[in-house]
Amino acid sequence: MPIIESEGLRIEVNEEGFLAHPEEWTEEMAKVLAKAEEGLDELTPEHWAVVRFIRGYYAEKSLAPMVRKMCQATGFPLMKIYDLFPSGPAKGACKVAGLPKPDGCV
Amino acid sequence: MSNLLRTFENEVQLAALAFMGLVYALRLVWIFRFRVGRERTVAVGREGAGTGYSLMNIAMPWAMESTRTHPGRYLEFVVLHLGIAAAIAASFIIPYGPGLFETAWVRGIFRAFIAAAGLAGLARLARRLTNPVLREISSPDDYFSLVFLIVWLAAGVLALPDRPAAGEGPLLAFFGLTAFLLVYVPFSKIGHYLYYPFSRIYLGRTLGHRGAWPPAAAKSAGAGPARKGAA
Amino acid sequence: MSRRTKSPSGVIDAPLDVAAQAKAREEGRPSVRDGRLKTYEPGANVGRFLELLGRRVSRPLAVSLTACVHCGRCAESCHYFLARPDDPTMTPVWKADQIRKIFKRHVDWTGRVAPWWAKAGTPDGDEDLNRLKNVVFGACSACRRCTFNCPMGVDTALLVRFTRGLLTELGIVPEGVFNVSRDQWETGNQMAVTETDFLETIEWMRDDLRAELGPGADIPVDRPDCDILYTINPREIKFDPRSIAHAARIFHAAGASWTLPKWGWDQTNFGLFSGDDALGAYVSRNLYEAAERLRARRIVISECGHGYRSTRWEGYTWSGYDQKLPTESIVAVLRRYLEEGRIVVDPGRNLEPVTFHDSCNIARSGDLVEEPRQVLRRVCADFREMHPNRQENFCCTGGGGLLAMAEYRPLRLEAGKVKAEQLKATEAALVCTMCHNCIDGLGDVIKHYHLPMRVVQVLELVSRALVLPAGS
């Protein structure tokens, strides 16, 4: 599997750029993934709000939350999620939050 | 004309033809044993039009990108197949209508077609041997069929003066090879013409049913059973 | 399968990953327990494969297996081969030959007498079947471009789907295919969206819509006797409901009578990708029955390539259900609305140059080629064609379910070379497609090849151009 190396971290990801071992996720990794996969130089508090919610939801249900839940929890309108994560909720936000690739046509 | 040559031109050919016919008949029975699913959707286009378009593909070098972008290959295909048809025709004309070949220019045309086909075959053989992609996908039958066709076409060119008096060798060779061809064809790739109508009809029928073939402009009612005032 | 063959792409050696299958068995997942979804058992798979092959092959398949003359004309039609022109294993004919040789050896008697002569052969154990899996799932997007370029009319894409179906029966499938099939069998939709999640998302979109258009606007669910039963892709619910909102705005402006069904709303169908006709039948029947239950007058399919093909065409065959209702794409509906003047649009709201990408399943296995263009010419100020286009367009790289198979992604993106060149040459800012798979496939190509473009759908452009009647 490919390896992303940055900031002294060696992160193993799958071919789609999702973490190979979602349980090893740290906030430092999130920054590296955001830069490498989404081209985000910096994670703002708004980014973190989305990422922390996804992380918590995943820890509880082993499932990626629907975008509906992300918006409910953060109070952001739908378009805001796309502004924050250009690749969208699945390939953008969930990836930064260290989730495995969601199943299906995404 | 020796008895041997006469037998080669007649009984041997007929026996080989009968054998080929028998194997083809069995082959058709075999094909028809496979089932065909029933179409349950309402057609957008016409199956007949799609089938026709599919079958006419052979005469429309502009229809497919793969022939459109390689006109030389299309020409090669035409030359090879016309030459083979000429050689087959010759194998009937010589025993059953030799008068035709008494005219020099008719003989000349046949020889030219057959010779050109032989050259086209050689070009194909060269490509099959040198192109790594073609080599990888080729079976012994692919090589043998091509080499055999080239030899048979060459024999055709040599036999076509049709003058047994000048030596029966070329004619014996041509008819001997023709008999072998007829027997071998049903088991080789050369028999592809038997499957051609099937593969093209099934593809054309499906795509014609769906309105994808022949390629056309938008349809006004493209969704199946029409209902007035819907949506 | 030939072991001598070098496979520089490396895809052919991808291992069989059965972790998800083992987990599903352990958890006693319903689809596995009742045998609808097969899992891998080491052992007698070759025998079972041959038995299935002999039993399932149909006449169109049999002639496609017999008719190939190895002319190689298909090679250049394949985006995999164009990206790896020195690799014979990337040609459609080589890929098809991997099943053809087994057919010749075991079903077609001409290959039984002298197998070597006709290159006929038998898979040598499960490892060979796994290699076959990597060929038919990993090195082909079943785009059918080679089929359209075969002088003999050999339908290689059909052979690939057929072979996938045989392997699916043995559990010899990529993990992604297993997971998505499991979800679709168990929840009726391929992303395991629950009914509550479905209804909540619809409600959310409905609230947004009413905030914009007033209390008369609606996204009805399970309303009987409507003209349109609107069916969607689960990703619209789970990750991107903007397209539902776009459709609702347009339906509202057109005064359409429409509804979503509460069950049977997933128009996608992983049975098309896995080759499992039983799954295909189950999913499509859900939808046809929803239309019957709600007495809808036509079924409309949101923008989705394989969903359109599955629901419009193949599903009726898989499920043995005679088509009763018109079944069409939302794009055909949009075209009609524009033609009949039921909606008014202003192309001045879409000023960026837009090009259109034909989805394989719609242009080559369906019938919609001009309709999306007619719509785009009305709603965009600068519409330009991509070349080649229509039935000759190249795959987005994500066809055949490849987006769900992460292990084949590097080769998929490498094969996207010709797609990237096509996109780049248009100099468009937006590439429009009527397929959810293509959105992601094209998005990956755009990212990988650093193209200054964005992917949009027809609904988005129409919704943007939509001029709402005064007062709404």
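The values are calculated or read from the model by the stated rules, or taken from the named source; none is laboratory data. Because the structure is a prediction, the values reported are computed rather than measured. Positions of Cβ are backbone-derived with ideal geometry, glycine not excepted, and every protein chain shown enters the neighbour counts.
Here are the numbers for this structure:
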{"read-out": "Identity of the residue in region C:243-259, of a type in the set (A, V, I, L, M, F, W, C) and touching a strand residue (DSSP E or B) at 6+ places or on another chain (Cβ under 7 Å), that ends up nearest to the other protein chains (Cβ to nearest Cβ)", "value": "C:256"}
{"read-out": "Residue check for residue B:173: away from chain C (no Cβ under 14 Å) and either surrounded by fewer than 18 Cβ atoms within 10 Å (Cβ to Cβ) or closer than 24 Å to residue B:10 by Cα (or both)", "value": "yes"}
{"read-out": "Top-ranked residue of region A:48-69 - restricted to ones that are in contact with a Phe, Trp or Tyr (Cβ under 6 Å, 6 or more places away or on another chain) and in contact (Cβ under 8 Å) with a residue 12 or more places away in the chain, ranked as farthest from the other protein chains (Cβ to nearest Cβ)", "value": "A:65"}
{"read-out": "Total residues in region C:267-285, condition away from chain B (no Cβ under 14 Å) and outside any loop (DSSP other than H, G, I, E, B)", "value": "9"}
{"read-out": "So residue C:158, is it within 14 Å of chain B (Cβ to nearest Cβ) and not in a loop (DSSP other than H, G, I, E, B)", "value": "yes"}
{"read-out": "Condition met for residue B:75 (away from chain C (no Cβ under 11 Å) and within 30 Å of residue B:206 (Cα to Cα))", "value": "yes"}
{"read-out": "Those residues of region C:286-327 which are among the hydrophobic types (A, V, I, L, M, F, W, C) and either farther than 14 Å from residue C:362 by Cα or not in a loop (DSSP other than H, G, I, E, B) (or both), in sequence order", "value": "C:287, C:290, C:291, C:294, C:296, C:299, C:300, C:301, C:313, C:318, C:325"}
{"read-out": "Region B:125-165 - residue that is within 9 Å of another protein chain (Cβ to nearest Cβ) and in a loop (DSSP other than H, G, I, E, B) and, of those, farthest from the chain's Cα centre (by Cα)", "value": "B:131"}
{"read-out": "Qualifying positions in region B:14-54 - closer than 25 Å to residue C:310 by Cα, outside any loop (DSSP other than H, G, I, E, B) and among the hydroxyl-bearing types (Ser, Thr, Tyr)", "value": "B:51, B:53, B:54"}
{"read-out": "All positions within region C:77-108 that are within 9 Å of another protein chain (Cβ to nearest Cβ) and within 14 Å of residue C:147 (Cβ to Cβ)", "value": "C:77, C:91, C:93"}
{"read-out": "Subset tally (residues that are assigned to a loop (DSSP other than H, G, I, E, B) and away from every other protein chain (no Cβ under 11 Å)) for region C:357-386", "value": "6"}
{"read-out": "The listed residue being closer than 26 Å to residue C:119 by Cβ, of a type in the set (A, V, I, L, M), outside the structural domain of residue C:398 (by TED's automatic domain parsing) and surrounded by 15 or more Cβ atoms within 10 Å (Cβ to Cβ), out of C:18, C:32, C:57", "value": "C:57"}
{"read-out": "Close pairs from region C:121-145: first outside the structural domain of residue C:169 (by TED's automatic domain parsing), partner crowded, with 24+ Cβ neighbours inside 10 Å and aromatic (Phe, Trp, Tyr), Cβ under 6 Å, at least 6 apart", "value": "none"}
{"read-out": "Selected residue (criterion: nearest to the other protein chains (Cβ to nearest Cβ)) from residues of region A:70-89 that are crowded, with 24+ Cβ neighbours inside 10 Å and closer than 22 Å to residue C:195 by Cα", "value": "A:89"}
{"read-out": "Lone qualifier among C:365, C:359 - being in contact with a strand residue (DSSP E or B) (Cβ under 9 Å, 6 or more places away or on another chain), of a type in the set (Ser, Thr, Tyr), farther than 30 Å from residue C:470 by Cα and in the same structural domain as residue C:433 (by TED's automatic domain parsing)", "value": "C:359"}
{"read-out": "Which numbered condition residue A:41 fails, given (1) free of Cβ contacts under 8 Å to residues at least 24 places away in the same chain; (2) more than 11 Å from chain C (Cβ to nearest Cβ); (3) more than 24 Å from residue C:447 (Cβ to Cβ)", "value": "(3)"}
{"read-out": "Scan of region A:74-105 for residues that are touching a Lys or Arg at 6+ places or on another chain (Cβ under 6 Å) and in contact (Cβ under 8 Å) with a residue 60 or more places away in the chain, ordered by number", "value": "A:97"}
{"read-out": "Selection count, region C:116-149, where residues are among the basic types (Lys, Arg) and closer than 16 Å to residue C:81 by Cβ", "value": "2"}
{"read-out": "Given (1) facing another protein chain (nearest Cβ under 10 Å); (2) in contact (Cβ under 8 Å) with a residue 12 or more places away in the chain, index of the condition residue C:262 fails", "value": "(1)"}
{"read-out": "Positions within region C:112-138 being more than 14 Å from chain B (Cβ to nearest Cβ) and in a loop (DSSP other than H, G, I, E, B), in sequence order", "value": "C:122, C:123, C:124, C:125"}
{"read-out": "Matching entry among B:157, B:147, B:133, B:106 (being in contact with a Ser or Thr (Cβ under 7 Å, 6 or more places away or on another chain) and either surrounded by fewer than 19 Cβ atoms within 10 Å (Cβ to Cβ) or of a type in the set (A, V, I, L, M, F, W, C) (or both))", "value": "B:133"}
{"read-out": "Residue A:100 being out of contact with any Gly (no Cβ under 6 Å at 6 or more places or on another chain), over 26 Å from residue C:203 (Cβ atoms) and not in a helix (DSSP H, G or I)", "value": "yes"}
{"read-out": "Answer residue from region C:221-242, given it is under 18 Å from the mean Cα position of the chain (by Cα) and away from chain A (no Cβ under 11 Å) and is surrounded by the fewest Cβ atoms within 10 Å (Cβ to Cβ) among those", "value": "C:231"}
{"read-out": "Considering residues of region C:67-111 that are assigned to a helix (DSSP H, G or I) and polar (S, T, N, Q) only, the residue farthest from residue B:132 (Cα to Cα)", "value": "C:110"}
{"read-out": "Test: residue in region C:345-365 that is out of contact with any His (no Cβ under 6 Å at 6 or more places or on another chain) and free of Cβ contacts under 8 Å to residues at least 12 places away in the same chain", "value": "no"}
{"read-out": "Subset tally (residues that are more than 11 Å from chain C (Cβ to nearest Cβ) and among the charged types (D, E, K, R)) for region B:8-64", "value": "4"}
{"read-out": "Long-range neighbours under 7 Å by Cβ, at least six apart or interchain, first residue under 15 Å from residue C:79 (Cα atoms) within region C:404-415, second among the acidic types (Asp, Glu) and part of a loop (DSSP other than H, G, I, E, B)", "value": "C:409/A:15; C:409/A:16; C:410/A:15"}
{"read-out": "Where residue C:451 falls short, out of the listed (1) assigned to a loop (DSSP other than H, G, I, E, B); (2) at positive phi", "value": "(2)"}
